[in-house]
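The values are calculated or read from the model by the stated rules, or taken from the named source; none is laboratory data. Note that the structure is a prediction, hence the values are computed from the model and not measured. When we count neighbours, we look across all protein chains shown, and the Cβ atoms used for this are built from the backbone with ideal geometry, even at glycine. Just the protein is used for accessible areas: all its heavy atoms, side chains included, with ligands, DNA and RNA removed. Shrake-Rupley method; radii C 1.70, N 1.55, O 1.52, S 1.80 Å.
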Amino acid sequence: ELAGVRKSFGENLVLDDVSLSFERGSATVVAGPSGSGKSTMLRCINGLESVDEGEVRFDGRSVSGAGKALAKLRSEIGMVFQQFNLFAHKSVMDNVTLAPMEVKGLSKADARARGQKLLERVGISEKADQYPADLSGGQQQRVAIARALAMEPKLMLFDEPTSALDPEMIREVLDVMRDLARDGMTMAVVTH
């Protein structure tokens, strides 16, 4: 939930008294032109950006004032970025299993078993041992989705998830997102 959120970068007011909530199990799309504050809003939701005024709450807890608890809170919010942000020097499987092992303390075997299921879910299990540079944009974005899902988030944030893709790649990513929505994943998607 965002309540009266304001955010500026210098003289540039990006978010002006934004109040909205995302219902559990809903897929909400926020559309608007480039530069209208959509991505900044997502970054405020998961604490990557601080707010100047107002409050961001996730699952009843303040993101704005989370302090040391922010890392725990962030582990419950998955984020899929426009530019994938995969680790180029790690395999697909390593990209998906790193956070569950490092942050949640999963064993390598458990993380890999979960990773394999997630790669199957997004339709690229055969790419587990390849590196991001060997994949198409749509495949990389599906890895990014699997990586976010590996943390078993309560909320998924999608920041322009198809804008960096060729038109023929968009459908495969949207299909995965539709499946997540059908399964009841709470999602906030921003797009122009």
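Straight-line reach from Lys72: which lysines fall under 25 Å, measuring Cα to Cα and dropping same-chain residues less than 8 apart? In chain and number order, the partners are Lys7, Lys38, Lys90, Lys104, Lys108, Lys117, Lys154. Per-residue extension of 0.36 nm, minus the Cα-Cα distance of Asp16 and Ser34, leaves a gain of 4.9 nm for this segment. In summary, the stretch 118-165 shows an alpha-carbon radius of gyration equal to 1.14 times the 2.2 N^0.38 Å reference for compact globular proteins. Dipole size of the chain about its Cα centre, with +1 on Lys/Arg Cβ and -1 on Asp/Glu Cβ: approximately 620 debye, rounded to the nearest 20. Computed from the alpha carbon atoms alone, the convex hull of the chain holds 122 Å³ per residue. Compared with the direct C-alpha span, the chain from Gln130 to Arg61 gains 21.0 nm at full extension, assuming 0.36 nm per residue. If every alpha-carbon in the stretch 18-66 counts as one equal scatterer, what log10 I(q)/I(0) does Debye give at q = 0.14 1/Å? Treating every Cα as an identical point scatterer, log10 I(q)/I(0) equals -0.37.
Note on the stretch 74-157: Cα-Cα pairs beyond 14 Å make up 56% of the total pair count. In terms of overall dimensions, the C-alpha atoms belonging to the stretch 1-103 reach 42, 30, 30 Å along their principal axes, ordered largest to smallest. Label-to-label distance for Lys108 and Asp175 is 3.3 nm, based on points extended 7 Å past Cα in the beta-carbon direction. With a simple spin-label model that places each label point 7 Å from the Cα along the Cα-to-Cβ direction, the separation between Arg6 and Lys154 comes to 2.9 nm.
Of all aspartates and glutamates in the structure, those lying under 16 Å Cα to Cα from Lys127, and not within fewer than 8 positions of it along the same chain, are Asp94, Glu172.
The stretch 20-82 and the stretch 99-177 have their alpha-carbon centroids 20 Å apart. Each 10 Å bin from zero holds the following percent of Cα-Cα pairs in the stretch 73-123: 23, 56, 21. Place +1 on the Cβ of every Lys and Arg and -1 on the Cβ of every Asp and Glu in the stretch 112-192, take the dipole about the Cα centre, and give the residue among Ala113, Met187, Met156 whose Cα lies farthest towards its positive end. Positive-end residue among those listed: Ala113. Positive end of the charge dipole of the chain (Lys, Arg +1 and Asp, Glu -1 on Cβ, about the Cα centre): tell me which of Val5, Ser91, Gly37 has its Cα farthest that way. Result: Ser91, furthest along the dipole toward the positive end. By a 1.4 Å probe calculation restricted to protein chains, Glu172 has an accessible surface near 50 Å², given to the nearest 10. A dipole drawn for the chain from +1 and -1 charges on Cβ atoms has a positive end, and of Phe22, Ala144, Leu70 the residue lying farthest that way is Leu70.
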